[in-house]
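A.B. asks: One structure is given below, represented as structure tokens, and several questions about it will come after.
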Amino acid sequence: MRMILLGPPGAGKGTQAHYLVEKYGMYHLSTGDILREAKEADSELGRQAKAYMDKGELVPDEIVIGLVREKLQDPSVRLVGFLLDGFPRTLAQAKALDELLDELDQELVAVVNLEVQPVTIVERLAKRRVCRECKASFHLEFNPPETEGICDYCGGELYQRSDDQEETILRRLNVYQQQTEPLITYYDQKGLLVNIDGERSVEEVSEAITKQLEELTDKHDCA
Ligand code: AMP
């Protein structure tokens, strides 16, 4: 399976990625996770990305494209396929991805677009807590961990991302609308877009995605 999860910040991309990777076994490539890890490790990449991330702005295309290129070229990723989460976020990134997949002689199967209203996003992100270890995501009200501050899956520490403060959330939403939303039309025109109502429960959204993916892969198999 080779797919993209598209949608505004807080649409549930990371949460759904968790389920999909378990089901299909593809490689989960979250550019946000990689950049955050680099930032925490204070590596060269992290230092380059920090100022943009803290402001809720996009890290320059060349940096992110280089990072994705390196991962997708890896022979083990080529074998199992991938789920891109948080990439591409600009038209330049989408075009670079097309070129890279051409080089690798690979095709995307689907671009799943999680549709969520801005008001829901602010509510979700302000109360989001993320595991430092496995990156699982919780919501203090709708999906709280069994023990406060501790991840249900791996026992890791839960924390609030520095860009999940209200002012930065609004900035990120604005950046999404200006720079990432045009990708919806881009992938629709390529016949790859699958729209999913992301306002429902985690389980309902997950079922809806799986159902659509199964229909798509059946079609591929029959063709
Ligand atoms: P995320 O975890 O996907 O919400 O990403 C967190 C932050 O990392 C974003 O607000 C950006 O600053 C940066 N980032 C992640 N993915 C990308 C990307 N594809 N292009 C540019 N910046 C990115």
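The values are calculated or read from the model by the stated rules, or taken from the named source; none is laboratory data. Just so you know, these numbers come straight off a predicted model, no measurement behind them. Don't worry about glycine lacking a Cβ; one is built from the backbone with ideal geometry, like all the others, and counts go over all protein chains shown. SASA here: full protein model, heavy atoms, side chains in, ligands and nucleic acids out. Shrake-Rupley method; radii C 1.70, N 1.55, O 1.52, S 1.80 Å.
A.B. asks: Note down the net charge around Leu114, summing +1 for each Lys or Arg and -1 for each Asp or Glu among other residues with Cβ under 13 Å from its Cβ.
C.D. replies: -3
A.B. asks: In addition: Taking a point 7 angstrom from the Cα of Glu70 along the C-beta vector, which residues in the range 1-44 have backbone N less than 20 Å away?
C.D. replies: 27-44
A.B. asks: While we're on this one: DSSP loop (so not H, G, I, E, B), at most 16 other Cβ within 10 Å: list which trypsin sites (Lys or Arg not before Pro) in the range 77-160 pass both filters.
C.D. replies: Details: sites: Arg78, Arg89, Lys95, Arg124, Lys127, Arg128, Arg129, Arg132, Lys135; in loops: Arg89, Lys127, Arg132, Lys135.
When the trypsin sites (Lys or Arg not before Pro) of the range 77-160 are filtered for loop state and at most 16 Cβ neighbours within 10 Å, Lys127, Arg132 remain.
A.B. asks: Would you please state which residues of the range 11-29 a label at Glu199 would reach in this model, taking the label point 7 Å out along Cα→Cβ and a backbone N cut-off of under 18 Å?
C.D. replies: Zone members listed by number: 11-13.
A.B. asks: Per residue, what volume in Å³ does the convex hull of the Cα atoms of the range 81-125 enclose?
C.D. replies: Per residue, the Cα convex hull of the range 81-125 comes to 86 Å³.
A.B. asks: Same structure again: Going down the table (Lys23/Lys211; Lys13/Lys71; Lys23/Lys95; Lys13/Lys211; Lys23/Lys135; Lys39/Lys95), which pairs top 21 Å between alpha carbons?
C.D. replies: Over 21 Å apart, Cα to Cα: Lys23/Lys95; Lys39/Lys95.
A.B. asks: Shifting gears a bit: Quick one: if the Förster radius is 22 Å, what FRET efficiency do Tyr24 and Ala92 give, using the C-beta to C-beta distance and rounding to 0.05?
C.D. replies: So, using R0 = 22 Å, E works out to roughly 0.20.
A.B. asks: Compute the accessible area per residue over the chain, keeping the other protein chains in place, probe 1.4 Å, unit Å².
C.D. replies: For the chain, the solvent-accessible area averages 52 Å² per residue.
A.B. asks: Does the range 172-218 come out rounded, prolate or oblate, given a ≥ b ≥ c as the square roots of the eigenvalues of its C-alpha gyration tensor, rounded meaning a/c under 1.5 and, failing that, prolate meaning a/b above b/c? Don't skip to the end; give the middle numbers.
C.D. replies: On the way: a/c = 4.21, a/b = 1.34, b/c = 3.15.
Cα axes put the range 172-218 in the oblate bin.
A.B. asks: Which of the trypsin sites (Lys or Arg not before Pro) across the range 1-59 are loop residues per DSSP, with 12 or fewer other Cβ within 10 Å?
C.D. replies: In loop regions of the range 1-59 (DSSP not H, G, I, E or B), there are no sparsely surrounded trypsin sites (Lys or Arg not before Pro).
A.B. asks: Just the number, please: carbon plus sulfur as a percent of the accessible area of the chain, 1.4 Å probe, no ligands or DNA/RNA counted.
C.D. replies: After summing per-atom areas, the C and S share lands at 46 percent.
A.B. asks: Where a ≥ b ≥ c are the square roots of the eigenvalues of the C-alpha gyration tensor, would you call the range 107-223 rounded, which needs a/c under 1.5, or, failing that, prolate if a/b is larger than b/c, or oblate?
C.D. replies: oblate
A.B. asks: OK, next. Principal axes first, then extents: for the Cα atoms of the range 1-150, list largest minus smallest coordinate on each axis, whole Å, largest first.
C.D. replies: Computed over the Cα atoms, the extents are 46, 35, 28 Å.
A.B. asks: With each run of n ≥ 4 DSSP H residues scored as -39500 (n - 2.57), what mean residue ellipticity at 222 nm is computed for the chain after dividing by its residue count and rounding to the nearest 500 deg cm²/dmol? Could the numbers behind the result be given before it?
C.D. replies: On the way: 10 runs with 116 residues, N = 223.
Taken over the chain, the calculation gives -16000 deg cm²/dmol.
A.B. asks: Do any GluC sites (Glu not before Pro) in the range 43-140 lie in a DSSP loop with no more than 13 other beta carbon atoms within 10 Å, and if so, which?
C.D. replies: Glu107, Glu133
A.B. asks: How large is the convex hull of the Cα atoms of the range 61-106 per residue, expressed in Å³ as a whole number?
C.D. replies: Roughly 65 Å³ of hull volume per residue.
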